[in-house]
Structure formats: structure tokens, C-alpha cells
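Input: a single structure, listed below in C-alpha cells.
The values are calculated or read from the model by the stated rules, or taken from the named source; none is laboratory data. A quick note: this is a predicted structure, and the numbers were derived from the prediction, not measured. Neighbour counts run over all protein chains shown; Cβ positions are idealised from the backbone, glycine included. Protein only, heavy atoms only, side chains kept; ligands, DNA and RNA dropped before computing areas. Shrake-Rupley method; radii C 1.70, N 1.55, O 1.52, S 1.80 Å.
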Amino acid sequence: METVTRFAPSPTGYLHIGHAYSALINFDQAIAANGRFVLRIEDIDQTRCRPEYEAGIFEDLSWLGLTWEEPVIRQSDRMELYEARLSELQERGLIYRCFKTRKDIEEAMRAPHDAPTDAFRSRPMAPIEERDNLAASKPYAWRLSMSEAETVLGDVFTSLTFVEETKTGKVESPAYAGRFGDVVLGRKDSGASYHLSSVLDDSDQGITHVTRGEDLRDAAGLHVLLYKLFDLSPPVYRHHALITGKDGKRLAKRDHTANLRAMRENGQNPNDVKALLPSLTL
Ligand code: GLU
């Protein structure tokens, strides 16, 4: 099977060397396998995304020497598709409306009688209450019902694994999808969540290998559950170490010292970036 890798940044800031690391690993893997490399713009959060950051992604990656397939897919152009998939899940009884606000959840967490995990747990609302909320045009998110997913999948739900390629070869890691609780698949503001859009796009774009930071390792467990529910084939996952700043902390987009654009403007070149990174072969 042809290897297809991807880099899927969100245009919410300028890219830093951590992004360069992820993009280069994915690009190199595709080249080494004579495969394809896809760039995808993950801009569902329109309140935080900006056109100048998107332009910055293209400039920074070109400067690093990367090339990618055209046209580049933007998630903001695919909202109808995500909504169609949400409707499908709704018809199957797998998602429910959640009207809770951030404040409700914070208050629940402070409530002494609730176990910490219970505070996060949402439940479908009684139909009459839901009808009142809808009539009052209250905003809501769509949450995946883990208990319904378990009912639909039976034993598969608990035995679900994701395939991970590590230094020592391929391993099957337990998904433990239930630990995520009833995650949001349809956001109140934008209509689709990262988990939903990322899984559907990776599948539609035929991505065979998803390589991203180890902070997203657990998310692979949730993503394979979504693949299973949609009856799609999941990719192989790989995880790379996170690049930290001089203070040992994870890099943020606002950290200008590690910002690719700033480095370029300071006269540094792509080799200076690569010199700061660990091996690109995982
Ligand atoms: N847009 C996500 C990010 O920038 C991508 C995560 C992923 O690679 O799945 O963190």
C-alpha cells in the first residue's frame, strides 16, 4: 500500500520548531517510502484562526524545503460533511445534545458530593427539558455517548486497540476509549470538534500513517473508536517527542525564540532549524 502522511496545523499562530519537527518527520517518511505527503489546514476554530497565520504556514514550510499536494484541504470548507456525519451518529443514537456551559462544569467540579470523574460526565437530557432548551435557542454541543458506543460495539469496545509503530516495531496498544468520557464531537461554536474532523479527514485523504507529538498519543485511542463506529480503517500511529524550549517547557506558538518566521528574519536558515531537532527517523 502506498504510504500517505500528513501535517495538519491550525493557523492560530506562527509555526515553531516543534511544528517543523513534525512536518519534516512526516515529509521524510513519505519521501523515503516513495509515497505522498499531504498538508491540511485545521481551521475549524474560526475565532482563533487568522489568514496571516495560514499564509505563514505555507511560507515557513516552503522555506524548510517541503512540498505538498494541491489543492490543500481546509477544514472550514468541509463543515457540511462533518455535519452530515454528526446527523448519521444522531440517527444511530450515538450522540446527544449537551447544553452545559463551561461554568456548569466548573461548578460541578467544585461540588463536594461529586467524584472528580463524575463532574465531567454528561448525560442525555430528559426530552422535555431538552425541548425547552431548544425552544429557548440555547446553544449546545454534541457529545458521544460512550455507553451507547459500548452497547453498539459490545466486547469490541473494551478490546479495541490502535496500531503504533515504535522504535522496536509495531505494537498494538489498548485504546481505553471509555476513559475520555462523553467527548464533544460537535462544538457549540463551530459545529465540529477536532476529534471528529481530524478522523474524517485522515480517512478521506487516505492517510496511512499519522505521526504527531506524544501529547496526542492518548487521542489515538479515541480516534480508533470513531473509526470503528464509522466502519473506516484507521491509520498506523507514530508519536514523536515534544520539542521543549530552553526552560524545558513545551513550546507555544507565542514563544518567539523558536518561531520559524522570526528565525528566518534573523538570517538563520533551515539547517539551523534542523540542528535544533532530534533525529527525524523515529
Ligand atoms: N491541528 C492539530 C494541531 O495543530 C493537529 C493534531 C494532529 O496532528 O492530529 O495540534
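For this structure, a couple of remarks:
- The distance between label points at Ser147 and Arg123 comes to 0.7 nm (points 7 Å beyond Cα on the Cα→Cβ vector).
- Estimated from helical segments only, the mean residue ellipticity of the chain at 222 nm is -12000 deg cm²/dmol, where each DSSP H run of four or more residues counts as -39500 (n - 2.57).
- Whole-Hz couplings from phi, Karplus 6.51/-1.76/1.60, listed for region 270-282; x for Gly and Pro: x, 5, 5, 5, 4, 5, 8, 9, x, 4, 7, 9, 7
- Phi-derived couplings, Karplus 6.51 cos²θ - 1.76 cosθ + 1.60 at θ = phi - 60°, listed residue by residue for region 35-48: x, 10, 10, 10, 10, 10, 9, 9, 10, 5, 8, 5, 6, 9 Hz, with x used for Gly and Pro.
- The chain shape via C-alpha gyration tensor axes, a/c threshold 1.5: prolate
- Normalising by residue count, region 44-88 has a Cα convex hull of 91 Å³ per residue.
- Carbon and sulfur %, accessible surface of region 20-107 computed with the full protein complex present, 1.4 Å: 47
- Amide H contacts under 5 Å for His209, placed H, 5+ residues apart: Val4, Val236
- Accessible surface of region 150-269 [probe 1.4 Å, protein heavy atoms]: carbon and sulfur percent: 47
- Dipole magnitude for region 8-58: computed about the Cα centre from +1 point charges on Lys and Arg Cβ and -1 point charges on Asp and Glu Cβ, it is near 80 debye.
- Rounded accessible area per residue of the chain, 1.4 Å, Å²: 52
- When each of Lys103/Lys167; Lys103/Lys274; Lys170/Lys249; Lys167/Lys274; Lys100/Lys228; Lys103/Lys249 is checked by Cα-Cα distance, pairs over 32 Å: Lys103/Lys167; Lys103/Lys274
- Residues whose amide H falls under 5 Å from that of Leu242, counting only those 5 or more places apart or on a different chain, are Glu214, with hydrogens built in the peptide plane.
- Packing, taken as the mean count of other beta carbons within 10 Å per residue, orders the peptides 6-19, 134-147, 158-171 from highest to lowest as 6-19, 134-147, 158-171.
- Antiparallel content of DSSP bridges confined to the chain, in %, to 5: 50
- For Ser10, nonlocal amide neighbours, meaning residues 5 or more places apart or on other chains whose placed amide H falls under 5 Å from its own, are Glu42.
- Summary value for the chain: 24 percent relative contact order, contacts being C-alpha pairs under 8 angstrom separated by 6+ residues.
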